Amino acid sequence: MSFRPTAAGRSGTPAAVERWRRAQLLEAGFDAQLARRLAEDGRWDLHRLLELVDRGCPPALAARILAPLEVDPQRW
Amino acid sequence: MVSREPTPTVAPPAVGRVGADRDADLLAALRGSGPAHDRAVAELHALLLRAARYEVRRAATHRPQVREALEDIAQHSADDALVAVLAKLDTFRGESRFTTWAYKFAILETAVALRRHAWQDREIPLEFDGLRHLRDTGAAASPGGRAQTRELLGAVREAIESALTAHQRRVLVAVTLDGVPIDVVAERLGTTRGALYKTLHDARRRLREELAARGLDPTAMDAETTP
């Protein structure tokens, strides 16, 4: 029994999804490098990131706040 | 948060039926451990797979593009349903047969997988242009009604652009105007449907407040345009 995502369970190719995620972040004011890193890392909840930014949180700080526990905060 | 048990409205197909005693045995084994638990998980997965196949085949009669991926969608849906059932096992209150309760998860996950499949080869537009949908279609019965509709649609468009935050606007336009399934938006944002529903709820409330502040009542348009 496999629990890996299959083609049927995805709503777009990884490249297309990443491109779309990056565009949302850029539009919200994330710099290009941070947007690229967050877009390609599915551990970040973009919805919560964008909500924080909507409320006035600087993008880089939002990324640090929502960084997964296993990510070194010094990198952000 | 209180977990809510799905309401059993759809009976499992005959092929998936087992006796009430077997239901109880299955539930007990799932709550246990060891080889009996493993066998019960396999049995539950088989049940969910039958349910998912049934639902996918039903959908395929209306959507030919699904036929090529029937088995893939069914397997994926059964896997997701199994994970969901096992995670919520403690919330089962015995108000329906266990297999009926579990079957609901297969229906839900299959519906989600079908919606995602429909968007598999489609890109969500980078620039949402759903506001174009907010134009007068001439559905109102009278000239006065059409003028009222135009005024309201214009106000709604302005309110979406000015009263919502950028992300509220993004989610609202994508889901309600561009018709992107909420599962697809959630998946791409790496979030949950619940989080998006909350945003949609807040956005709609904000729009209602904004329209009310302008002395407009969206329900008036409903009454005018409904035959």
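Structure data summary
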quantity	calculated
For A:54-61, mean number of other protein chain Cβ atoms within 10 Å	1
Other protein chain Cβ atoms within 10 Å, averaged over every residue that makes up B:195-205	1
Ellipsoid semi-axes in whole angstrom, largest first, where each is sqrt(5λ) of the Cα gyration tensor of the stretch B:14-118	26, 13, 12
Cα centre as origin, Lys/Arg/Asp/Glu Cβ charges: the stretch A:13-67 dipole, Debye	100 debye
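Here, each number is a calculation from the coordinates, and none is a lab measurement. Keep in mind that this is a model prediction, so the values were computed, not measured. Glycine gets a Cβ as well: all are built from the backbone with ideal geometry, and neighbour counts include every protein chain shown.
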